1. Would you be so kind as to identify which of GLY15, SER60, ILE34 lies farthest towards the positive end of the dipole of the chain, taking Lys and Arg as +1 and Asp and Glu as -1 on Cβ and the Cα centre as origin?
2. Candidates (i) 38, 33, 21; (ii) 63, 35, 16; (iii) 38, 25, 16; which is the computed Cα extents along the principal axes in Å?
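None of the figures in this text is laboratory data; all of them are computed from the coordinates on show. Note that the structure is a prediction, hence the values are computed from the model and not measured. Heads up, the Cβs are rebuilt from the backbone with ideal geometry, glycines too, and the neighbour counts pull from every protein chain shown.
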Amino acid sequence: QVKPQFESRENRTCGIFNAVEYRTQVVAGTNYFIKVQVSDNEYVHLRVFQALPHENQRPSLVSYQTGKTRDDPLTYF
C-alpha cells in the first residue's frame, strides 16, 4: 500500500517491491520498519505508520533509507 508513496518521493518506478523482513513498534498505532527489495541487489528500509483502527486511515510512509543491501540490519530510525 505504500509503494506509490515511495515511488513518488523517489521519482522512480520499482519493478520489484518485495518485503523481505519487518519489525514493529507499538505507539499510538504501529510503526512498521520494513526491508524491501527494489531491484536484484538493491534494498530500502521503510518506516510505515498504521494508525489505530478506529481512525480509519491508510498506512503512511513516514521515512525511508536507500542504498541498503540484503545483509544490512533492519534497525529503528
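1. Final value for the positive-end residue is SER60.
2. Structure-derived value, by its label: (iii).
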